[in-house]
1. Any chance you could count how many residues in the stretch 314-342 are over 21 Å from SER81 (Cβ atoms) and assigned to a helix (DSSP H, G or I)?
2. Between a residue in the stretch 295-319 that is under 12 Å from GLY430 (Cβ atoms) and of a type in the set (Val, Ile, Thr) and any residue that is in a helix (DSSP H, G or I) and away from the ligand (no atom under 13 Å from the Cβ), which pairs come within a Cβ distance under 6 Å, given they are 6 or more apart or on different chains?
3. List the number of the failed condition for SER165; all other conditions in (1) among the hydroxyl-bearing types (Ser, Thr, Tyr); (2) under 21 Å from GLU219 (Cα atoms); (3) within 13 Å of the ligand (Cβ to nearest atom) hold.
4. Looking at SER26, SER8, SER16, can you tell me which residue is within 25 Å of HIS466 (Cβ to Cβ), over 21 Å from the mean Cα position of the chain (by Cα), small (Gly, Ala, Ser) and at pLDDT 95 or above?
5. Considering only the stretch 107-149, state which residues are farther than 18 Å from GLY175 by Cβ and of a type in the set (Gly, Ala, Ser).
6. Return the pair list, or none, for Cβ contacts closer than 7 Å from residues in the stretch 411-431 that are assigned to a helix (DSSP H, G or I) to residues that are β-branched (Val, Ile, Thr) and near the ligand (Cβ under 7 Å from one of its atoms), at least 6 apart or on different chains.
7. Given the criterion under 18 Å from the mean Cα position of the chain (by Cα) and within 19 Å of ALA157 (Cβ to Cβ), identify the matching residue among ILE475, ILE435.
8. Take the residues of the stretch 189-210 that are within 16 Å of the ligand (Cβ to nearest atom) and of a type in the set (Phe, Trp, Tyr): which is nearest to ILE308 (Cα to Cα)?
Amino acid sequence: MPIARSASELAGDVRSGLISPTEVASAYIERVERFNGLLGAFLWFDPDAALAEARQVESRLARGEDLPLAGVPIAVKDNISTRGIPTTCASRILEGYVPPYDATVVERLRLAGAIVFGKTNLDEFAMGGSTETSAFGPSRNPWDLERSPGGSSGGSAAAVAGLLSPAALGSDTGGSIRMPAALCGIVGFKPTYGRCSRYGLVAFGSSLDQIGPMALTVEDAGRIAAAITGHDPRDGTSLDAPPIQPAFERASLRGKRLALPRELSGEALHPAVRSAFLQALDTLRAEGAEVEEVSLPSVRLAVSMYYILAPAEASSNLARFDGIRFGPREGGAGHVEAVERTRGRLFGHEVKTRIMIGTYVLSAGYYEAYYTKAQQARAILREEFRRVLQRCDAVVSPSVPVPAFRIGELSGDPVALKMLDLCTIPANMGGFCAISIPCGLAEGLPVGLQLLGPPMGDEALLETAHAAERALPPIGLPPLN
Ligand code: GLN
């Protein structure tokens, strides 16, 4: 079976009987067995479980069930709960934890005929942008094994870019779907906040987190989004809205107004990223898009507000990991000592740092100075974007200011690493939808172009991204073989 095919093509061939789900699963299992040692993409992978799911899909097809994702393997980030399958968040504090239930997105993937294809590596509790804070070792970028795939959904991105799985799920709190997608040369889509259920996603920043697809094409991302989104009564923040259903046949760039923020196109960018991005913009213009320069001044504060608000929410969400309710427990004389030891020994450095920052900014003496101020700044940023999005179809920028960096290169410079979230964080702050698509190469490494749309503008955004993808020259596949 030729492996570099999109999820949509695979589903089509399975549905028409050209190829069977077990043949598809076997082909990808072979890739995982060959390359996962190099890439560190999967934390858990069970070929027998994948084949068993494939056989179930076969019998459902034989019964005449209509399965839009028939036989498509989809890797799942390991902070998304899977019944009977370990879910560790790449943390030692959840080592060996096996959830008793499936996340809504996992349930819906299976309902659509997809195969849950292993659990992928991430930064511990999705806190990071390189997969280096994983307690189980970093993932590697298929374009250059010395480099990071980005993060936090770096395992999912490496799996898809390395063709170990045709698609994957990631989660995005400040860019964790779009950033690794950009650095690995694939598509990553963060839906509007509330359109994709968070039930079963281990919470990081609850007001920011969204699950979304990572795939080889925009069409695949749309097809997976159609399967996993839609109202979920089990998630209190789920919007009462139908699943995301893009109509790709009407996709066009003609007359599309793209807002180019000055703050995300100037010297904040690596020169090679900048030139690849500007060249891509010229291509979109040639296809009829109108690019208008705008100013979104509060973008400059986005990283600062995020690194107050996300830790604040995390410090509260992670309080539940005490060694009593989930995962392993370090013994101690009495409750307090046992909790202290468990959290002290089993959480990694980045997670502890964030919990401390979060606790600090929420403390009685500092709440007004930090948390309240950051919330006010967030409201201003949201308003600035809303105003631009009333006139324009999307805000366009690079997804990440630099190409993939070397593993270890930024681990001593946490501020530099966090500044890489500059372009992606605003979408989470405002609950907007956003997508990263490959738009060229910088020094031989992929560059991502981000399109950001208004809340509930997911369908239009995917259609525009599809038209842009069609217009841009393909970047090819990584040299992994
Ligand atoms: N890099 C950001 C962080 O470390 C974003 C993480 C995410 O989106 N999960 O918080």
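1. Summing the residues that are over 21 Å from SER81 (Cβ atoms) and assigned to a helix (DSSP H, G or I) in the stretch 314-342 gives 8.
2. VAL299/GLU263
3. (3)
4. SER16
5. Residues satisfying the conditions are ALA112, GLY113, ALA114, GLY118, ALA135, GLY137.
6. ASN428/THR173
7. ILE435
8. This residue is PHE204.
The values are calculated or read from the model by the stated rules, or taken from the named source; none is laboratory data. Just so we're clear, the structure is a prediction, and the values are computed from it rather than from any experiment. All Cβ positions, even for glycine, are placed from backbone atoms using ideal geometry, and neighbour counts span all protein chains on display.
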